[in-house]
Amino acid sequence: MQNILAFLNYLQYEKRYSPHTLVAYKTDLFQFNDYVIEQYESSLFLVGSTTIRSWMMTVIELGCSKRSLNRKLTSLRQFYKYSLRNDLISADPMSRVVSMKVNKLIPSFLSKEEMNNLLEKIEFPNDYEAQRDKVILEMFYSTGIRLSELINLKISDVDYGCQQIKVFGKRSKERIIPLLASHLKNVENYVQTHRNEFGRQSDYLFLTKKGNVLYPKLVYRMVNTYLSEVTGVKQKSPHILRHAFATHMLNDGADLNAIKEILGHSSLTSTQIYTRSSAERLKEIYKQAHPRGN
């Protein structure tokens with residue numbers, strides 16, 4: 001148990017994993033540790049690949065999806081790599097364990113028309129909360145920012161002169177994202193309202209109506225409410241606006257590597273999923289451009 005806690009401290013303070021990821025790793029490792037003790041009366045450092053595969057089958061029988069199981073296996077892989085580097089084990093039991101094959105999901109996204117309806121046709125009142133909400137919706141769609149990144153934005157992160165914003169992503173990796181002039185003007189107006197409402201008591205860009213830092217559930221509810229007015233897609237979360245940003249940029253000719261940098265992906269593989277959601281757009285271009293297309 002102490003070794004698991006030491007590993008989690010390593011992830012938190014050296015690798016700078018997010019609180020959400022830390023909770024997932026802790027849950028996965030404690031679950032596997034309990035299984036090893038109850039079923040084999042053994043320890044994490046004495047198991048082999050056979051024990052891990054047995055646990056995988058047990059987890060699937062309990063209703064765990066293949067995608068969720070793969071996430072759990074990632075937790076184990078990181079833990080055993082850490083253990084091997086720190087001489088807690090002599091061989092990695094995960095070296096012969098293969099992740100489950102899953103079908104890649106094509107992300108849902110809003111159409112350009114739906115996004116225009118969201119940002120141009122919905123009436124936003126002139127109070128603090130409504131101004132904040134509109135700027136948040138624009139921020140998601142204009143930058144592809146993650147929810148956790150948006151919540152942690154500071155007023156000082158906005159650079160009006162260079163028309164850009166500084167974002168701290170996963171593991172505190174910093175990246176710079178351009179801002180549209182129209183969006184930047186709305187941000188500037190909102191910040192003035194922010195200062196009038198709360199003075200300089202907080203440097204966080206987005207606050208609740210009571211002046212506290214935003215929390216994820218509030219943003220989810222707000223985004224869901226506004227998206228329900230313009231779209232019938234099932235998923236109405238902040239992440240769907242990130243998908244819309246990437247897909248619309250790609251459809252309009254943006255370079256995939258540029259999108260990767262803006263989104264803060266560590267690997268191009270993560271960004272390439274948006275090429276699949278653009279298949280219908282490619283078919284249209286093909287039919288229009290090919291001599292025999294019509």
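Table for the structure above
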item: Normalised per residue, the volume of the convex hull around the Cα set of region 112-285 (Å³); result: 125 Å³
item: Nitroxide proxy distance, nm - points 7 Å out along Cα→Cβ at E197 and N212; result: 1.5 nm
item: Paramagnetic reach from Y10 in region 44-66 [backbone N under 20 Å; point 7 Å along Cα→Cβ]; result: 44-49, 52
item: Shape call, region 2-96: gyration tensor on alpha carbons, a/c limit 1.5; result: oblate
item: Top positive-direction residue, dipole computed over the chain with Cβ charges, set F30, I60, G169; result: I60
item: About the Cα centre, charge dipole magnitude for the chain (Lys/Arg +1, Asp/Glu -1 at Cβ), debye; result: 640 debye
item: Using alpha-carbon coordinates, inclination of helix 238-251 to the longest axis of the chain, degrees; result: 70 degrees
item: FRET efficiency estimate (nearest 0.05) - Cβ-Cβ, S270 to S182, R0 30 angstrom; result: 0.55
item: Per principal axis, descending, Cα span of the chain in whole Å; result: 64, 63, 33
item: Mean separation of Cα contacts under 8 Å (6+ apart) over length of region 112-285, as relative contact order %; result: 26 percent
item: Longest exposed-site-free window of the chain, the sites being trypsin sites (Lys or Arg not before Pro) in a DSSP loop that have at most 15 other C-beta atoms within 10 Å; result: 17-100
item: Stokes-Einstein D for region 43-106, Kirkwood Rh over Cα pairs, 25 °C, 0.890 mPa s (µm²/s); result: 196 µm²/s
item: Helix 2-13 vs. the chain, principal-axis angle (Cα, 0 to 90°, nearest 10); result: 20 degrees
item: For region 191-256: span of alpha carbons on each principal axis (Å, largest first); result: 42, 28, 17
item: Relative contact order (%) - criterion: Cα under 8 Å, at least six apart; region: the chain; result: 18 percent
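Read-outs: derived from the displayed coordinates by stated rules, not from any lab. The shown structure was predicted, so the numbers you read here are calculated from the model rather than taken from an experiment. No Cβ is skipped: glycine too gets one built from the backbone with ideal geometry, and neighbour counts run over all protein chains shown.
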